[in-house]
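I have placed the structure first, in the form of structure tokens, so that the comments after it can refer back to it.
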Amino acid sequence: MVQQRQAGIALVGSGSARPTVALTNEELSQVVDTSDEWIRTRTGIQQRCLLPAGGSLAELAATAGRAALEMAAVEATTVDLIILATSTPDDLFGSAAQVQAQLGATRAVAFDLTAACSGFVFALVTAAQFMRNGVYKTVLVIGADALSRWTDWTDRRTCVLFGDGAGAVVLQASDRDRLLGFELHSNGALNGCLNLPYEAQAEPLAAGKTVQKGTYQPITMNGKEVYRFAVKRVPEVIEKALFHADLTAADIQWLVLHQANQRILDAVADRLKVPSERVVSNMARYGNTSAASIPLALDEAVRDNRIQPGDIVASSGFGAGLTWGAAIFEWG
Ligand code: COA
């Protein structure tokens, strides 16, 4: 088959899903020594949705994906590629193929991409490469996470922050490229600031030979370091992505950032001089949903008609790795 080169991509549909069970700050303060007042003022979070016992990440991701395909009026059988950005798969071998099967996207190849809270932006840019070289024409990018699975519910410094959810976008080949610019970064030297580490115990196997047997440990974080990193790096990476797009911060119509902390959103918006009514924020209801947070916020703003076709959106993900990135795109 001769593959025709297309110029670019268009973002033509969005969808999202959240577990039905919400835990308020008030309820959480019965579990750990915290208060609604502390959590609200330091983070902006009021409640988070939690995947219940028996809940499936793949199912949540598929629900978001299905909604995005419906908005785009795209049949699942025409999807070429599904990228699932997640750090909390049902299966360590990957959950994307489960999502593919649940959607009935029988032609699609599907794989997971792990980049923590930067996962959605990294997946969007990865998808764009397959499309710009003409290999794939219809791609579903999903960000889905259930960090509640790996939260230490006795650690008030972290457990108040996270929630579960999923969001998705449909990309279609287009003559005019609506992914206007991007910039991605990693710095493994700062890995220790935010971890979900595997901890191994030695298990004797044969004479003089051991293997590892262990499990992942709950999330640990140096909150102050991560905060400092985010308020410095996020405006910087957005400015670089804008430069690649031949735009400036004055051109941003919507700022859709990873929903980590309202104070981080405010600081970034301030630095870029984006007015607060142009900053999409839903963390009060969901907390930090990791790879899901950007497409979840985007989908809500598209569905309530804030974000209109043709609007310029600046998105940025940042978090564990450490990783950070920005993508500037025109919606629709
Ligand atoms: N409830 C009540 N008190 C709490 C608390 C909680 N949930 N968590 C911490 N505290 C206490 C601390 O014990 C400390 O008390 P002390 O002064 O008596 O020791 C005090 O509040 C201040 O703690 P500190 O860690 O300095 O707070 P902070 O102002 O840095 O805010 C974060 C903490 C986590 C909200 C903030 O650092 C942050 O948002 N960092 C970025 C985290 C993030 O976004 N991570 C994900 C990135 S993808």
Does at least one position in segment 271-289 carry a residue that is among the charged types (D, E, K, R), within 21 Å of Glu239 (Cβ to Cβ) and within 15 Å of the ligand (Cβ to nearest atom)? no
Considering only segment 174-239, give the strands (runs of 3 or more DSSP E) lying wholly within it that have at least 2 residues that are polar (S, T, N, Q). 209-216
Looking for something within 16 Å of the ligand (Cβ to nearest atom), assigned by TED's automatic domain parsing to the domain that holds Gly13, open to solvent by 70 Å² or more (accessible area, probe 1.4 Å) and in contact (Cβ under 8 Å) with a residue 40 or more places away in the chain - is there at least one such residue anywhere in segment 155-172? yes
Do the conditions hold for Asn305, that is, is it assigned by TED's automatic domain parsing to the domain that holds Glu236, at pLDDT 95 or above and either among the basic types (Lys, Arg) or farther than 21 Å from Glu236 by Cβ (or both)? yes
Pick out, from segment 81-153, the strands (runs of 3 or more DSSP E) lying fully within it that include 3 or more residues that are surrounded by 22 or more Cβ atoms within 10 Å (Cβ to Cβ). 81-85, 138-146
Looking only at residues that are within 14 Å of the ligand (Cβ to nearest atom), hydrophobic (A, V, I, L, M, F, W, C) and not in a strand (DSSP E or B) in segment 240-270, which one is surrounded by the fewest Cβ atoms within 10 Å (Cβ to Cβ)? Ala267
The condition of being in contact (Cβ under 8 Å) with a residue 40 or more places away in the chain, of a type in the set (Val, Ile, Thr) and assigned to a strand (DSSP E or B) holds, among Ile45, Ile9, Ile39, only for Ile9
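Hey, can you tell me all the residues within segment 122-155 that are under 16 Å from Ala166 (Cβ atoms) and touching a Ser or Thr at 6+ places or on another chain (Cβ under 7 Å)?
Step one: filter segment 122-155 for residues under 16 Å from Ala166 (Cβ atoms), giving 123-124, 140-149.
Ala144, Asp145, Ala146, Leu147, Arg149 - these are the residues of segment 122-155 that are under 16 Å from Ala166 (Cβ atoms) and touching a Ser or Thr at 6+ places or on another chain (Cβ under 7 Å).
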Close pairs from segment 268-285: first within 19 Å of Thr43 (Cβ to Cβ), partner modelled with pLDDT of 95 or more and acidic (Asp, Glu), Cβ under 8 Å, at least 6 apart: Ser276/Asp266; Val279/Asp266; Val280/Glu300; Asn282/Glu300
Which condition breaks for Gly310 when tested against (1) within 11 Å of the ligand (Cβ to nearest atom); (2) of a type in the set (Gly, Ala, Ser); (3) open to solvent by 20 Å² or more (accessible area, probe 1.4 Å); (4) closer than 20 Å to Ala68 by Cα? (1)
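The values are calculated or read from the model by the stated rules, or taken from the named source; none is laboratory data. This structure is a prediction, so every number in the text was calculated from the model and none was measured. Cβ sites come from the backbone with ideal geometry, for glycine too, and all protein chains shown count toward neighbours. Calculation scope for accessible area: heavy atoms of the full protein, side chains included, ligands and nucleic acids excluded. Shrake-Rupley method; radii C 1.70, N 1.55, O 1.52, S 1.80 Å.
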